[in-house]
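Please read the structure below before turning to the comments.
Read-outs: derived from the displayed coordinates by stated rules, not from any lab. Computed from a prediction, not measured in an experiment: that's the story for all the values here. Cβ placement follows ideal geometry from the backbone for every residue including glycine, while neighbour counts extend to all protein chains displayed.
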Amino acid sequence: MKAIILAAGEGSRMRPLTYTRPKVMLPIANKPILEHLLIEAKKAGIREFVFIVGYHDEQVRDYFGTGDKWEVSIDYCTQRKQLGTADALRTVEDLVDGNFLVINGDIIVNQKDIYNLTKRRNNTLSTIEVEDTRGLGAVKLSKGKVVHIYEKTEKPPSNMANAGLYLFTPDIFDAISQTSKSPRGEFEITDSLQLMIDKRRHVSYQGISYWLDLSYPWDLLAANESLLAETKVQNLGEIEENVVMKGSVSVGKDTIVRSGSYIIGPVIIGQNCDIGPNCYIRPSTSIGDNCHIGNAVEVKNSIIMKGSKVPHHNYVGDSIIGEGCNFGAGTKIANLRLDKKDIQIAGINTKRQKLGAIIGDRVETGINAAINVGCIIGNDTHIGPGAIASGIIAPNSRIF
């Protein structure tokens, strides 16, 4: 059975992190979202994949190639204009024979749920119960089948969400050919399924046990924490004397951890990093390749992407730092409101009491810069010495 992975979109709600990469290539626990999904599908017995790519598709193609590294085969289809999930599936009709899986590339599910879905024989939609289905697809169920699908409605009638994991029979392509554009201007696969339901065609559902939905940047932090819980102790680098490492800490090849560093896992550190001396790395932190975490730096529950430098007297908590950033001495990120209330970003309640900053690529700060809670900083921004950054900052800004 083939798995079709929908990986063509930008993921605009993830900006600024997606200005330079597709959403599926955002790193969690030092692997792209899409790689975690591929690994789980392989564990479920899937060996043939088709990636539908579009936005910055070269990054997906270059990273995954033909799939040899994972001992699977990967073909690619290109959706140049992102006109919806049903439009994406039109491109693979000639590449599938019989039943096939379709998985949204921006979720993470586990091997057990994927495997159980492969045993289904008719069109099946996966569901999971959530507190709030606004912004998601809500599903109404009755007597073992789906009776209605509501796509991102403000007043969803159900707490049962569409998980973005499907088993389809070839019949779906006939429904896709009859699907009209949605009010959002896209051809939605959920509309195709609703057409089948309206024609009294049976559409089944399968509840799943594990689901990481990654809609907003701060969702990456919760996913990172969840996936890092499975980190295994590994040391492929050099650990100097007087380094303390507790819990599950993974150190990549050619990385040096200098004397006085104190690391509490789960933590993963990539290749060719320079860590310490005398730094404090706290749980649920991922540090990408070629990073520098220097003297008197504290990092907690954060994702730091490859090539970034946090070298002198810095604090980074509950934050995401893009690629190629450089923090001046004394730059600190606040991660807790004084009134201890949940942090809001652009009118959205993140439902997090602790959230630092979401920082794009190649952002630089001067000495003693301060970054406020919930700050979103666009790519290539410069924050001057002693400056305070707050709110949403556009790319290429200068803050003094």
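The Cβ shell under 10 Å around Ile281 holds other residues with a net charge of +1, Lys and Arg each +1, Asp and Glu each -1. Counting other Cβ atoms within 10 Å as a rough exposure proxy, the listed residues Trp218, Trp70 run Trp70, Trp218 from fewest neighbours to most.
With a 10 Å Cβ neighbour count serving as the proxy for reagent exposure, in which order, fewest first, do Glu188, Glu10 appear?
On the way: Glu188 23, Glu10 16.
Listed from fewest to most nearby Cβ atoms, that is Glu10, Glu188.
Each of [x] 22.1, 70; [y] 19.3, 56; [z] 26.2, 96 is a candidate for Rg and Dmax of the Cα atoms in Å; the one calculated from this structure is [x]. With a cut-off of 14 Å between beta carbons, the residues surrounding Pro385 carry a summed charge of +1, where Lys and Arg count +1 and Asp and Glu -1. Looking at segment 1-126 alone, DSSP beta bridges between its own residues are antiparallel in about 10 percent of cases.
Reported to the nearest whole Å, the Cα centre-to-centre distance from segment 284-309 to segment 21-84 is 25. Among beta bridges from DSSP that stay inside the chain, the antiparallel ones total about 25%.
Once fully extended, how much extra length lies between Ser12 and Asp380, figured as 0.36 nm per residue of separation less the alpha-carbon to alpha-carbon distance?
On the way: separation 368, 0.36 × 368 = 132.48 nm, distance 1.80 nm.
Going from the current span to full extension adds 130.7 nm.
Between the alpha-carbon centres of segment 93-126 and segment 346-364 there is a gap of 33 Å.
Taking only C-alpha pairs under 8 Å that are 6+ residues apart, what is the relative contact order of the chain in percent? Relative contact order, the chain: 10 percent. Remark: spin-label model distance Tyr63-Ile39 equals 1.3 nm, labels positioned 7 Å along the Cα→Cβ axis. Cβ-Cβ distance of Asp97 and Val147, R₀ of 25 Å, FRET efficiency by 1/(1 + (r/R0)^6): the value works out to about 0.25. By the rule of a C-alpha distance below 22 Å, with chain neighbours fewer than 8 residues away ignored, the lysines paired with Lys351 are Lys23, Lys152, Lys155, Lys300, Lys340, Lys341.
Looking at segment 77-206, what % of its DSSP beta bridges pair antiparallel, to the nearest 5? Intermediate values should be presented prior to the final figure.
Details: 16 of 19 bridges.
Antiparallel bridges make up about 85 percent of those DSSP assigns within segment 77-206.
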